[in-house]
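*Asks:* Dropping the structure in here first, questions after.
The values are calculated or read from the model by the stated rules, or taken from the named source; none is laboratory data. Everything numeric here is computed off the predicted structure, so don't read it as measured data. As a convention, Cβ positions derive from the backbone with ideal geometry for all residues, glycine included, and neighbour counts pool all protein chains shown.
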Amino acid sequence: MSQKEVKIEWPNGNCSLVPSGSDWIDVAASAGFNIPTGCLGGSCGACEIDVNGSVIRACISTVESNTTGRIIVKSFVDPYW
Ligand code: FES
């Protein structure tokens with residue numbers, strides 16, 4: 001499987017061009033966007049972000065290529081945090 005470059009637009013206005021399969025936490029840090037973390041194991045939900053309208057847990061997810069090659073990230077605010 002070949003890696004595809006994906007353009008990511010961050011809530012802070014920065015953009016990144018990263019290979020699909022990259023870790024969300026790492027690419028966010030490189031873009032100057034801090035994703036809050038807690039357990040780093042997928043159970044607490046502190047790292048949830050909105051990726052093209054779907055909520056993902058960044059600590060256990062990688063950047064997937066999509067048909068447009070463009071991903072828009074929004075901060076996800078959990079009312080319980
Ligand atoms: S840091 Fe807890 S689910 Fe990601």
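*Asks:* Quickly run through segment 10-53 and pick out the residues that are part of a strand (DSSP E or B) and either in contact (Cβ under 8 Å) with a residue 40 or more places away in the chain or not hydroxyl-bearing (Ser, Thr, Tyr) (or both).
*Replies:* Residues satisfying the conditions are Cys15, Leu17, Val18, Pro19, Asp23, Glu48, Ile49, Asp50, Val51.
*Asks:* Moving on to the next point. Do the conditions hold for Gly42, that is, is it surrounded by fewer than 16 Cβ atoms within 10 Å (Cβ to Cβ), in contact with a strand residue (DSSP E or B) (Cβ under 7 Å, 6 or more places away or on another chain) and at pLDDT 90 or above?
*Replies:* When the stated conditions are applied, Gly42 passes them.
*Asks:* What is the number of the single condition among (1) touching a Lys or Arg at 6+ places or on another chain (Cβ under 8 Å); (2) among the aliphatic types (A, V, I, L, M); (3) modelled with pLDDT of 95 or more that Ile60 does not meet?
*Replies:* (1)
*Asks:* Still on this structure, please answer the following. Please determine, by comparing only the residues of segment 1-58 that are of a type in the set (Ser, Thr, Tyr) and within 13 Å of the ligand (Cβ to nearest atom), which one is nearest to Arg70 (Cα to Cα).
*Replies:* Thr37
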